[in-house]
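Only one structure is covered here, and it is reproduced in the block below.
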Amino acid sequence: MTSSSSTSIDLSHTLERVNVLLPLPFGHAYTYAVPNNLLTEYPLKNGDFVSVPLGSREVYGVVWGGKVSDVAPEKIKFIISKINTPPMPESTRRFAEWVSRYNMASLGSVLKMLMSVPDALKPPRQIIAYSLHTKMPEIKMTPARLKIVEVLKGRDPLSAKAISELSDVSQSVVKGLFKIGALRRVNLPFQSIFETPNWESPGPTLNDEQALAAQKIRADVKKAQFTVNVLEGVPGSGKTEVYLEAICEALSQGKQALVLLPEIALGAQWFERFENRFGCAPAQWHSDLTQAKRRITWRAVATGAAKVVVGARSALFLPYQNLGVIIIDEEHDQSFKQEDGVIYNARDMAVVLANLSKIPITLVSATPSLESLQNVAQGRYKHFNLTDRYGGAQLPDISIIDMREDRPDPGKWLSPKLIEALRVTFDADEQALLFLNRRGYAPLTLCKGCGHRFQCPQCTAWLVEHRFIGRLLCHHCGYQVTPPQKCPSCDKEDQLFACGPGVERIAEEFMELFPEIRAEVAVSDNLHTPGQAQNLVHRMENREIDLVIGTQIVAKGYHFPYLTLVGVIDADVGLTGGDIRALERTYQLLYQVSGRAGRGDRPGRVLVQTYDPENAVMQALKNADHKNFIQTMTRDRERHHMPPFGRLAGVIISGKDEHAVDQGALNLARTAPHDHGIMTLGPAPAPLALLRGQHRRRFLVKANKEVNIQARIRSWLKATVIPRKVRVQLDIDPYSFL
Ligand code: ADP
Ligand code: ZN
């Protein structure tokens, strides 16, 4: 903000000006003039929310600072008003700039994430309530009216909705009574729906390892200093109890806490646990919230009324007033990477936010990512390890089933050993989990007559049969068709053949073998809200379900004491494909799912079906040798100068017009960076060469650690002509190579 009130008579210098950043895909803020009242009565500061004209529209933005433009005074527009919302803190604004620079996204589009609910800037709606007039007019008393009068007698004013619920009379009768003067209207002040969690309520007594970690993290919160702690611990070791202590400390300082979870559906058990301990629910933030809930929550975070926020990655972009600690649970999880719009890694950006806010952050996982462990090895992050399950529960016994020897029946997927183990489990009145990371019935459908394969017309992908809903579905774009009677290629009837299994097919096979067992399929299609997840959790806890067949959605977090057997149907699913993290990720997922077994008094066991028992992943699982496995993977990455030893960036060129896309790729190839410390691979058709009707080509930029990869890419793109209608997307530190 400028503060110079110059003595020059040049008009352009007498107007006070400020920069306002708008939540639109612009790279910089725009300069506006400040009207008089905002100079004197309500002086503007950096971070204030304001509304400004943009073309014929009025939009909200944030006063941003920086050098203002000296455009002629007749061209400059005035700020319309200052919004009555707490300003965006300095640390948040620096965070936005950091995210924008690092991920090469426009500053305005980052602000858009921070202002995801523009309506929240409007003053909260007043609640209109009704009470009885002290002097009732003469009215005709119907039974319905009488009920309302009874409800309101001697009571504080109530909303029409509340009156209607209490009296069992419709709201229109309430409003009718108001019209004829029998009721009075009053405006009630807005009340936050968020309570402050009772952080003084005692938690469990921690064991030594837990106490050590909790003490250190609490001290960091107290000192308000930036530190990164990696909290590693076998599933069920009580990591959550440790970081709840850190949250208590933040609350005791009057500060806010943020917990990111990879899968918000997972939140169900988490929320209950939180509520049991602290007496109220935390604020939730995820894609399934209603618009009204979003508005209220955003505002409550901005005012500081919401103390603890638990959410998916986008919760990182809420306007915290006074953050005291950040927790990333399951920090290794890939879902923290946002893959469209502004592409960013929420875990990594959270570390940046913690740094800028001068607060500690804790990265929690049973299988921390190689990147985080490397930071530990180099002394940048601190490390805590919980080595045993809490309360003496044993870790499950993991064994590998070699599918080449223990063969299922033709066209079946469950090996005799796994079937036997299931039988023993149900006989002992225990629960089991079958894990297969494939939704639907079969990943590929083909025609037995001519070999025709059903493919998505808009994507380079097979259509996946979902038999429960009778559809062939594209998992990338949502395209769907009813499976046809006749093959569209050879016209023969009833020749369709399902190749390979998905969870629905495993369910079918299971139900033939165990018709009396109560089985349930759990996939993202039927389990994407906390409510749905809670329902499943309760039925598991009440033992109304004996077996869950699910994808990775059931691999994480859940704690079911009677679940003693986990069967992995196909451990090899994620191993192929040229992804640098394929092995690590498969290991993490299988380890995580195995951690669901035997969490209570009864010992658990895990059977892993594979055609590749010698694979490093299977060996590490069998021998419970996480350390060795990570070391091998780390050496491998180091040898190939892969992250975290080198840097990567994906460049994806896409568009409807294939020719233009190829032209763009060709132009980029000519100017691609290749010299000391940096090289560019590609262009190559992306594995998903067609996605939602868009043709896609990829480059992969690989650089030494010291190279400023963003700067190199920026000058590369600047020097290259890209055809119109061709989109260039940048993915710094890519996790997906599709
Ligand atoms: P993790 O997050 O490491 O998987 P949890 O925090 O979910 O482990 O703990 C597993 C179970 O053990 C939970 O039911 C939890 O309440 C319980 N637990 C953990 N630590 C303690 C403790 N110190 N005292 C009592 N119960 C504990
Ligand atoms: Zn598709």
Going through region 575-616 in order, the residues found to be within 19 Å of Glu405 (Cα to Cα), touching a residue at least 40 places away in the same chain (Cβ under 8 Å) and of a type outside the set (S, T, N, Q) are Val606, Leu607, Val608, Tyr611, Asp612, Pro613
Is there a residue in region 510-529 that is of a type in the set (Lys, Arg), out of contact with any helix residue (DSSP H, G or I) (no Cβ under 7 Å at 6 or more places or on another chain) and not assigned by TED's automatic domain parsing to the domain that holds Asp429?
no
Considering residues that are within 15 Å of ligand 1 (Cβ to nearest atom), in a helix (DSSP H, G or I) and open to solvent by less than 10 Å² (accessible area, probe 1.4 Å), the number found within region 211-239 is 3
Filtering region 163-180 down to residues that are in contact (Cβ under 8 Å) with a residue 24 or more places away in the chain and among the aliphatic types (A, V, I, L, M) yields Ile163, Val169, Val173, Val174, Leu177, Ile180
Of Ala507, Ala533, the only residue that is outside any loop (DSSP other than H, G, I, E, B), open to solvent by less than 50 Å² (accessible area, probe 1.4 Å), within 16 Å of ligand 1 (Cβ to nearest atom) and not basic (Lys, Arg) is Ala533
ask   = Would region 156-168 turn up any residue that is outside the structural domain of Ser237 (by TED's automatic domain parsing), among the aliphatic types (A, V, I, L, M) and surrounded by fewer than 12 Cβ atoms within 10 Å (Cβ to Cβ)?
value = no
Of the residues in region 591-617 that are in a helix (DSSP H, G or I) and open to solvent by 10 Å² or more (accessible area, probe 1.4 Å), the one that is farthest from ligand 1 (Cβ to nearest atom) is Ala616
>> Whether any residue in region 712-726 is of a type in the set (Val, Ile, Thr), in contact (Cβ under 8 Å) with a residue 12 or more places away in the chain and part of a strand (DSSP E or B) is what I want to check.
In response: no
A careful count of residues in region 641-670 that are free of Cβ contacts under 8 Å to residues at least 60 places away in the same chain and either open to solvent by 80 Å² or more (accessible area, probe 1.4 Å) or part of a loop (DSSP other than H, G, I, E, B) (or both) gives 4
Here the residues within region 370-398 that are touching a Leu at 6+ places or on another chain (Cβ under 6 Å) and within 30 Å of Glu509 (Cα to Cα) are Ile398
In region 556-590, residues that are part of a loop (DSSP other than H, G, I, E, B), in contact with a strand residue (DSSP E or B) (Cβ under 7 Å, 6 or more places away or on another chain) and of a type outside the set (Asp, Glu) total 4
Of Val364, Val309, Val301, the only residue that is surrounded by 21 or more Cβ atoms within 10 Å (Cβ to Cβ), assigned by TED's automatic domain parsing to the domain that holds Pro235 and touching an Asp or Glu at 6+ places or on another chain (Cβ under 7 Å) is Val364
| request: Report yes if some residue within region 334-348 is out of contact with any Ser or Thr (no Cβ under 9 Å at 6 or more places or on another chain), surrounded by 23 or more Cβ atoms within 10 Å (Cβ to Cβ), among the hydroxyl-bearing types (Ser, Thr, Tyr) and modelled with pLDDT under 95; otherwise report no. | output: no
Quick check on region 514-522. Is at least one of its residues more than 23 Å from Pro410 (Cα to Cα), at pLDDT below 90, open to solvent by 20 Å² or more (accessible area, probe 1.4 Å) and out of contact with any strand residue (DSSP E or B) (no Cβ under 9 Å at 6 or more places or on another chain)?
no
Is it fair to say Ala246 is closer than 20 Å to Leu318 by Cβ and either more than 16 Å from ligand 2 (Cβ to nearest atom) or surrounded by fewer than 21 Cβ atoms within 10 Å (Cβ to Cβ) (or both)?
-> yes
Of the residues in region 72-105 that are assigned to a loop (DSSP other than H, G, I, E, B) and among the β-branched types (Val, Ile, Thr), the one that is surrounded by the most Cβ atoms within 10 Å (Cβ to Cβ) is Ile79
Quick check on region 482-491. Is at least one of its residues within 16 Å of ligand 2 (Cβ to nearest atom) and either surrounded by 17 or more Cβ atoms within 10 Å (Cβ to Cβ) or in the same structural domain as Lys656 (by TED's automatic domain parsing) (or both)?
no
Here, strands (runs of 3 or more DSSP E) confined to region 384-474 with at least 3 residues that are assigned by TED's automatic domain parsing to the domain that holds Pro561, open to solvent by less than 50 Å² (accessible area, probe 1.4 Å) and more than 16 Å from ligand 2 (Cβ to nearest atom) are 397-402, 431-435
Quick count over region 678-689, residues being at pLDDT 95 or above and open to solvent by less than 40 Å² (accessible area, probe 1.4 Å), is 2
Of the candidates Arg125, Arg184, the one satisfying the condition of being of a type outside the set (Val, Ile, Thr), over 28 Å from Leu289 (Cβ atoms) and away from ligand 1 (no atom under 16 Å from the Cβ) is Arg184
Inside region 712-738, the number of residues satisfying the requirement of being in the same structural domain as Ala665 (by TED's automatic domain parsing) and open to solvent by 40 Å² or more (accessible area, probe 1.4 Å) is 12
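Residue under question is Glu249, and the condition is that it be in the same structural domain as Trp298 (by TED's automatic domain parsing) and within 16 Å of ligand 1 (Cβ to nearest atom); does it hold?
So Glu249 fails the test.
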Residues of region 21-75 being touching a helix residue (DSSP H, G or I) at 6+ places or on another chain (Cβ under 7 Å) and among the small types (Gly, Ala, Ser), in sequence order, are Gly27, Gly47, Ala72
Looking across region 549-581 at residues that are under 19 Å from Pro235 (Cα atoms) and among the β-branched types (Val, Ile, Thr), the single one that is farthest from ligand 2 (Cβ to nearest atom) is Thr564
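The values are calculated or read from the model by the stated rules, or taken from the named source; none is laboratory data. Predicted model, so just to flag it, every value in this text is computed and none were measured. Virtual Cβ from ideal backbone geometry, glycine too; neighbours counted across all protein chains shown. Accessible surface is based on the protein model in full, side chains and every heavy atom, while ligands, DNA and RNA are left aside. Shrake-Rupley method; radii C 1.70, N 1.55, O 1.52, S 1.80 Å.
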